[in-house]
Amino acid sequence: MKKTLSKVLALSMAASLLLGGCGGAGEKETTSNTENGTDKNTSAEKEKKEIKNLVLARLATREIETFNILYSQSFSDFENLTNLTEPLLEVDTHGKLVACLADEWGTEDKGLNWKFHIREGVKWVDVNGKEKADVTSYDFATGMEWVLNFHKNESSHTSQPIDLIDGAKEYYEYTKQLTKEEAYALEAGEGSKFQEMVGIATPDANTITYRCTGEKPYFDSLATWAGMYPMSQAMVEELGVDGVKSMNNETMWYNGCYTMTSYIQGNEKVFTKNESYWDKECNLFDTVTVKMVESNDVAYQLYQSGEVDSCTLTESNLSTINSNPDNEFYNYLTETPADKYPYQIRFNFDKRKEDGTPDTNWNKAAANEAFRLSWYYGLDLKEYYKRSNPIEPMSCENEYYSMKGFLYTSDGKDYTELVHKELGLPELNGETIVRLDTDKAKQYKDQAVEELTALGVTFPVEVDYYISGSNQTALDNANVLAQIFSTNLGDDYVKLNIKTYVSSASKEVYTPAKHSVTVGSGWGADYGDPQNYLVQEAYGYDNAYYSNLYTRINEVKEDESTKALLNTYKEYTKMLEEADSITEDMDARYEAFAKVEAYLIQHGLSIPQYYATGWSLTKINPYSQMRAVFGCQNDKMKNWETNEDGYTTEEMNVIKEEYIKKA
């Protein structure tokens, strides 16, 4: 049974983490030789000078915007918050599920009902490490009530439980009809309206059960997702609902690896090891200091001066180092593994001007399929790839909406191979972007000009693209992108306008809908199923992330210029729902979703852009980090291996080879 398997996995992986924490990132391997009464350490020991107080540099554009993980859907928040709060399950370095606050879990009916046992002795603490309460099953029920309560969490994170947990949709709709005061008063304890309506039960302080909307054999992968994190009802009572919404590092409660003992917005954060953390065998840093910088050039300067322990290299810095064998960092260049986000170019179909009125010229153009497909077949992004990876730029090639290595069929085939086949693309060759077709691009451009001119659209079509005004790297990237548009599509056809925001893209750009396109936006799967990727583009779903925030398709009114676009989205959503109804045969399910994903791309509703790979100088072994394509925990600073002298290219290549062998 799945229950037995999960328990065995939990125990075996806990044992492996214990060994890794002590023998890997914890203790040094040494051999003592006596010579003239002095101990001499082996070279293995010298290579393992572990960092106790880590210092990281992060771009100012990655500033945290909320301390409530149940509300956030942003990577910039998760890389901080997953270190402060713990979920039911976590992942290992290869993305496999392992025990976290749940030390045993499973299903006995093919995924219809799931049971999680919460380990004992876990504590909530305040910012100073003072114990506040025990972590119990009730905290996970409280967290889910918060997510599904419209007045507490708006619509953030509701798509997953609405699709997967019985009664979740009904409870969400129920709370929407209440007054704010009535909704604020709701709780999740036994006998509550929440447990009456939703398929979640807490029979005791250490047990929580979930009843799914159908057989969901992948539901346990959702236990790593931000929307299933716990929240203490006692904290809610202490702070009040509005206080939780606005909580900061000093008022929130912690049960994770670290507390954030200092936070200066836009400047610096300090994470301090949580002495009450449940996993006593893991390896944690004493402190982690995060310095916010305006660009990767600044991060490189700080690395040179020894002030930070890792930096991503810009194209110019990488070229300077790689072209000079005498450079002090020449032998320390390391290629970073691709992150879990398949980045896309998305169109805003309801763009607004500065005064809030519709940008009719752009909206009509974006609604035209030929216009979008001229971009898909015509944009050669290789020069853009070189901005992050000039040595191996084609490592960045992305042809899909979902991520490679996400899922596999019963015979071991990567799910994206199914999408590749449906798209009818030639084989990847590592030299050219395989979807490029200049003849098709010209054909669609000519078609778009004819059709759009008849609708009154004027050319060139203005494309407003926003970047952070303080980020020089973003500006350099945008200038390269503008040149690509000019060269590939023509100045007579489109004009990329580089515009800037001050501090918050969400507040200054996306909410007022000033953007024509978003570039470099990528979804990180919340759980192990294609539905989680593709539902974010669904039509008519008020909790579909991209449909509401970026493409704004749900705001589009039907007229002559938008009828075909809306019909395409409706057909896509119908296909999506039909694929999601297949639960008995997972291979058939994946094949159906591959058709849905191909449909999305073939109609230009999203244009696959790139995978984020690049080069860095680092004292952190990236292959010792949690690594999964789903969930939000890959930046959790637990059991990281470090070397205060930095890793050489040769050392990292050996580490990578060993990592691949163990996959």
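Worth a mention:
- Heavy-atom accessible surface of segment 477-600: percent carbon and sulfur, 1.4 Å: 45 percent
- Take every pair of alpha-carbon atoms less than 8 Å apart whose residues are at least six positions apart; their mean separation over the length of the chain yields a relative contact order of 20 percent.
- Taking amide H as placed 1.01 Å from N in the peptide plane, the amide H of Asp134 sits under 5 Å from that of Trp124, each at least 5 places away or on another chain.
- Note on Ile660 and Ile582: their simple-model spin labels are 3.2 nm apart, each label 7 Å out from Cα toward Cβ.
- Take every DSSP beta bridge whose two residues both sit in the chain; close to 75 percent of them are antiparallel.
- Length gained on full extension, Glu238 to Gln265, computed as 0.36 nm times the residue gap minus the Cα-Cα distance: 7.3 nm.
- DSSP-loop trypsin sites (Lys or Arg not before Pro) across segment 260-311, with at most 12 other Cβ within 10 angstrom: Lys280
- Report note on the peptides 55-64, 160-169: ranked by the mean count of other C-beta atoms within 10 Å, highest first, their order is 160-169, 55-64.
- Highest mean packing comes first when the peptides 78-87, 616-625 are listed by Cβ atoms within 10 Å, giving 78-87, 616-625.
- Read-out semi-axes √(5λ) of the Cα gyration tensor in Å, derived from the coordinates shown; its label in [x] 38, 34, 24; [y] 43, 38, 20; [z] 46, 30, 22: [x]
- Residues His603, His157, ordered by accessible area of protein heavy atoms at a 1.4 angstrom probe radius and largest first, appear as His603, His157.
- Report note on the peptides 368-381, 243-256: ranked by the mean count of other C-beta atoms within 10 Å, highest first, their order is 368-381, 243-256.
- Subset of Lys130/Lys280; Lys445/Lys570; Lys280/Lys662; Lys413/Lys442; Lys245/Lys495 violating a 29 Å alpha-carbon distance limit: Lys413/Lys442; Lys245/Lys495
- Whole-Hz ³J(HN,Hα) from phi, Karplus 6.51 cos²θ - 1.76 cosθ + 1.60, for segment 541-551, glycine and proline x: 9, 7, 10, 7, 4, 6, 4, 9, 8, 9, 7
- Between the C-alpha center of segment 129-192 and that of segment 416-484 there is a gap of 41 Å.
- Remark on Val293: its backbone amide H falls under 5 Å from those of Arg58, Leu59, Ala60, a criterion applied only to residues 5 or more positions apart or on other chains, H modelled at 1.01 Å from N.
- Calculated accessible area for the chain comes out at 41 Å² per residue, all protein chains present (probe 1.4 Å; ligands, DNA, RNA ignored).
- Potential lengthening between Glu650 and Gln177 on full extension [0.36 nm per residue; Cα-Cα distance subtracted]: 164.2 nm
- Averaging the sequence gap over all C-alpha pairs within less than 8 Å and six or more residues apart, then dividing by the number of residues, gives segment 325-476 a relative contact order of 28 percent.
- Charged-residue dipole, Cβ positions (Lys, Arg, Asp, Glu), segment 79-234 about Cα centre, Debye nearest 20: 220 debye
- The amide H of Glu108, built 1.01 Å from its N in the peptide plane, has Asn113 as neighbours under 5 Å, considering only residues 5 or more places off or on other chains.
- Separation of the Glu427 and Glu392 label points, Cα + 7 Å toward Cβ, nm: 1.9 nm
- Here the extension length gained between Thr207 and Gln472 equals 90.4 nm, from 0.36 nm per residue of separation less the Cα-Cα distance.
The values are calculated or read from the model by the stated rules, or taken from the named source; none is laboratory data. Predicted model only: the values in this text are computed from it and were never measured. Note: ideal-geometry Cβ built from the backbone for every residue, glycine included; neighbour counts use all protein chains shown. For accessibility, only protein heavy atoms count, side chains too; no ligands or nucleic acids. Shrake-Rupley method; radii C 1.70, N 1.55, O 1.52, S 1.80 Å.
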